[in-house]
Amino acid sequence: MNSSAVMRLRLSISAMATAFLLLAAGCGVESEPDPEEPKVSLDEMLANTGESLAAMNSVKFEMTDEKESGAKFFEATLKKVEGEVSNPDSVRLLVDVIAGLGFAEIEIVAIGEESYVKFSRDASWLPLPLEQVPFNFVRLGVTLSELVPVMKDPTVVDRESIDGTGVVRVDGDIVSDDLSKLITSADSGHPIALTLWIDESEHTLLRLRIDGQIFDDDAPETTRLINIVEVDTPVDIQLPSIASGS
């Protein structure tokens with residue numbers, strides 16, 4: 001056998017040996033699961049999220065008018081709401097606004113059928129009819145839980161992280177009428193894009209964005225972002241002393 005034939009034989013044997021080793025290695029290793037593959041179906045995740053919202057006994061949250069383009073809040077531009085809610089019927093809100101003289105903080109406290117407002121830190125408390133409170137955050141968890149099943153075409157669009165927690169971002173559509181329990185004087189007929197950020201392991205809601213007009217006076221580009229800050233931590237909400245006449 002000449003030298004060139006020997007060389008071809010050696011190359012052929014080497015190639016066969018390599019192929020055999022690769023095949024053997026492949027037979028002994030299971031393929032890694034797709035990291036993007038959801039652990040449960042989207043329907044199950046949303047159902048779990050709704051149940052966890054409905055079960056909340058207290059919640060601390062923040063709501064931001066991201067473009068400050070929403071309808072006026074007591075004739076002022078709303079920037080941010082910090083709120084505490086305790087079941088069954090207690091709410092305290094601190095609302096940062098831009099008024100004619102600059103920044104101001106409006107405080108609202110409501111328990112049961114009574115609600116009060118003061119229009120700056122140093123102002124006096126005044127009675128406030130419940131129908132004049134623009135937002136109904138009483139039993140916020142139940143109200144938000146009722147939004148989840150009315151979302152049209154909910155879709156997982158991304159996986160992200162909020163403060164180190166892995167979340168699933170879900171986009172869907174609602175209409176402003178669906179927000180009537182949360183926004184007491186919401187106008188009807190406006191399309192809304194609703195985005196939920198859901199803890200991927202616990203299926204709890206951490207954040208939601210309401211993108212679109214809720215009121216006729218909202219600018220079309222208005223977006224409101226709600227962050228769930230704490231759930232089921234002690235919340236102490238008391239009516240001001242004016243409520244008891246003292």
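A few remarks follow.
- Here the extension length gained between Thr233 and Asp177 equals 17.0 nm, from 0.36 nm per residue of separation less the Cα-Cα distance.
- Efficiency of FRET between Thr155 and Glu202 - r from beta-carbon atoms, R0 35 angstrom, step 0.05: 0.95
- In range of the label at Phe215: residues from the stretch 62-95 whose backbone nitrogen is under 12 Å from the point 7 Å along Cα→Cβ: 69-79
- Qualifying lysines (Cα of each under 22 Å from Cα of Lys80; at least 8 residues distant if same chain): Lys60, Lys67, Lys72, Lys118, Lys181
- Cross-link partners of Lys152 among aspartates and glutamates (Cα-Cα below 16 Å; sequence separation of 8 or more within a chain): Asp43, Glu44, Asp171, Asp173, Asp177, Asp178, Asp211
- The stretch 56-183, relative contact order [Cα under 8 Å, separation at least 6], %: 16
- Distance between the stretch 143-173 and the stretch 52-94 - C-alpha centres, whole angstrom: 19
- Distance in nm between pseudo-label sites at Glu51 and Leu101 (7 Å out along the Cβ direction from Cα): 5.3
- Taking amide H atoms as placed 1.01 Å from N in the peptide plane, the amide H of Val167 lies under 5 Å from those of Glu160, Ser161, Ile162, Glu200, each 5 or more residues away in sequence or on another chain.
- Estimated FRET transfer efficiency (Glu44, Ala193; beta-carbon r; R0 30 Å; 0.05): 0.85
Every read-out reported here was derived from the displayed coordinates using simple, explicitly stated rules and does not represent laboratory data. Values in this document were obtained by computation on a predicted structure and should not be read as measured data. Counting neighbours? That spans all protein chains shown, and the Cβs are built from the backbone with ideal geometry, glycine included.
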